[in-house]
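Written out below as C-alpha cells is the structure these notes cover.
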Amino acid sequence: MAPLNPLGHISIGVRNYDVSKAFYSAVLAPLGLKLVYDSEVSAPGKKKVRTLGYGPDENYELINIFEVGDDAAPPGPGFHLALNAPTRLAVVEFHAMAVQSGGTDNGLPGLRKHYGETYFAAFVVDPDGWRLEAVCKADEATDKQK
C-alpha cells in the first residue's frame with residue numbers, strides 16, 4: 001500500500017475565472033498537472049461559484065480555484081505554494097509560461113544551493129498576487145536522463 005499523502009488539495013480564491021483558467025492551464029502543464037474539473041462544463045446553467053480543479057488526473061485534484069471576485073486576497077509575505085517539477089526544464093517552462101500568461105517574475109529559474117545542492121527552482125506571482133514556486137530536486141545528470 002502506498003503511503004498516505006496528507007495533502008488532499010489546496011483551494012485559492014481569484015478575481016477572474018477566465019484569466020485564472022488561462023494562466024493555470026498554461027503554467028501547470030509543464031508540471032504534469034491539467035484541468036480535471038471545470039464547473040462551467042460540469043454544471044452548465046447553474047448559478048454558483050465558478051470553480052476549476054487541477055491535478056495529474058480526475059481522481060486527484062491538487063489545486064482548486066474558486067472565482068470569488070473582488071474579495072479575492074492572497075496571503076501576505078511568507079506564504080507561497082511550492083509545486084514539484086519532474087525536471088529542471090519543467091521549472092524553466094513553468095516560469096516562462098507564467099510570465100507569458102500574465103504572471104510576474106519573482107525569481108528566475110536556477111539553483112538555490114542554500115536550500116540544497118540540487119534545489120533548482122523558479123518563483124512567480126499569479127495575476128491575483130498568489131506566490132508560486134516550481135522546484136526540481138533531481139541533480140542535473142539525473143534530470144538529463146528523463
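The values are calculated or read from the model by the stated rules, or taken from the named source; none is laboratory data. Only a predicted model underlies this, so the values are computations on that prediction, with no experimental measurement involved. In this analysis, Cβ positions are derived from the backbone assuming ideal geometry, glycine residues included, and neighbour counts consider all displayed protein chains.
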Can you find a residue in the stretch 68-90 that is in contact with a helix residue (DSSP H, G or I) (Cβ under 8 Å, 6 or more places away or on another chain) and over 17 Å from LYS137 (Cβ atoms)?
-> no
Can you name every residue in the stretch 76-104 that is in contact (Cβ under 8 Å) with a residue 40 or more places away in the chain and either in a loop (DSSP other than H, G, I, E, B) or more than 17 Å from GLY32 (Cα to Cα) (or both)?
-> PHE79, HIS80, ALA85, PRO86, THR87, GLN100, SER101, GLY102, GLY103
Counting only residues that are of a type in the set (Phe, Trp, Tyr) and modelled with pLDDT of 85 or more, give me the strands (runs of 3 or more DSSP E) lying completely in the stretch 1-55 with at least 1 of them.
-> 34-38, 51-55
Determine whether the stretch 114-127 contains at least one residue that is in contact with a Ser or Thr (Cβ under 8 Å, 6 or more places away or on another chain), touching a residue at least 60 places away in the same chain (Cβ under 8 Å) and charged (D, E, K, R).
-> yes
Yes/no for GLY107 being assigned to a strand (DSSP E or B) and over 24 Å from LEU52 (Cβ atoms) | yes
Looking at the stretch 83-94, is at least one residue charged (D, E, K, R), modelled with pLDDT under 95 and either surrounded by 13 or more Cβ atoms within 10 Å (Cβ to Cβ) or more than 17 Å from the chain's Cα centre (by Cα) (or both)?
-> no
So ALA73 fits all but one of (1) modelled with pLDDT of 95 or more; (2) under 24 Å from TYR37 (Cβ atoms); (3) outside any helix (DSSP H, G or I); what number is the exception?
-> (1)
Please work out which one of (1) in contact with a strand residue (DSSP E or B) (Cβ under 6 Å, 6 or more places away or on another chain); (2) of a type in the set (Val, Ile, Thr); (3) closer than 30 Å to ASP139 by Cα is the condition VAL27 fails and give its number.
-> (1)
